[in-house]
1. If you stretched the chain out fully between residue 72 and residue 6, how much longer would it get, using 0.36 nm times the residue separation minus the C-alpha to C-alpha distance?
2. Quick one: order 11, 22 by neighbouring beta-carbon count within 10 Å, fewest to most.
3. For the chain, what does the helix formula give at 222 nm: sum of -39500 (n - 2.57) over DSSP H segments with n ≥ 4, over the residue count, nearest 500 deg cm²/dmol?
4. So how long is each side of the chain along the principal axes, counting just the alpha-carbon atoms, biggest first, in Å?
5. Using a Förster radius of 30 Å, what is the FRET efficiency between residue 79 and residue 50 based on their Cβ-Cβ separation? Nearest 0.05, please.
6. Helix 59-72: angle to the longest alpha-carbon principal axis of the chain, degrees 0 to 90, nearest 10?
7. Taking the 0 to 90 degree range and rounding to the nearest ten, how far is the long axis of helix 27-40 tilted relative to the main principal axis of the chain, both from C-alpha atoms?
8. Restricting to Cα pairs below 8 Å that are 6+ residues apart, what does the relative contact order work out to for the chain? Please round to a whole percent.
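Nothing in this text is a laboratory measurement; each read-out follows from the coordinates by a stated rule. These numbers come from a predicted model, not from an experiment. Positions of Cβ are backbone-derived with ideal geometry, glycine not excepted, and every protein chain shown enters the neighbour counts.
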């Protein structure tokens, strides 16, 4: 097993993450904030990833959330543009209702 990850947060960061965890409109952002707070409280990343969240995650994923938050602040908890599955079909303008024919 690897070394336990220590995350040291300032009182301001703890307050910020607690507010995000409790009130942010996006559930995945709330989950990420909760994970960071649990690791900062001393829980192992692996334990938080496997049993401490809404569904099991990879420990590497939780580690990435921590790294992005520490580097970018609250904006690092959001999904970045361009992520996710890309559309497999691109309709032409003439295929859409009201399109030129």
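1. Values: separation 66, 0.36 × 66 = 23.76 nm, distance 1.82 nm.
Extra length available between residue 72 and residue 6 comes to 21.9 nm.
2. Details: 11 7, 22 10.
With the sparsest Cβ surroundings first, the list reads 11, 22.
3. Numbers: 4 runs with 48 residues, N = 101.
Value at 222 nm, helices only, nearest 500: -15000 deg cm²/dmol.
4. Its Cα atoms span 63, 32, 23 Å along the three principal axes.
5. Working: r = 22 Å, r/R0 = 0.74.
The formula returns an efficiency of 0.85 here.
6. 90
7. For helix 27-40, the angle is close to 20 degrees.
8. On the way: 79 pairs, mean separation 18.9, N = 101.
Dividing the mean separation by the residue count of the chain yields 19 percent.
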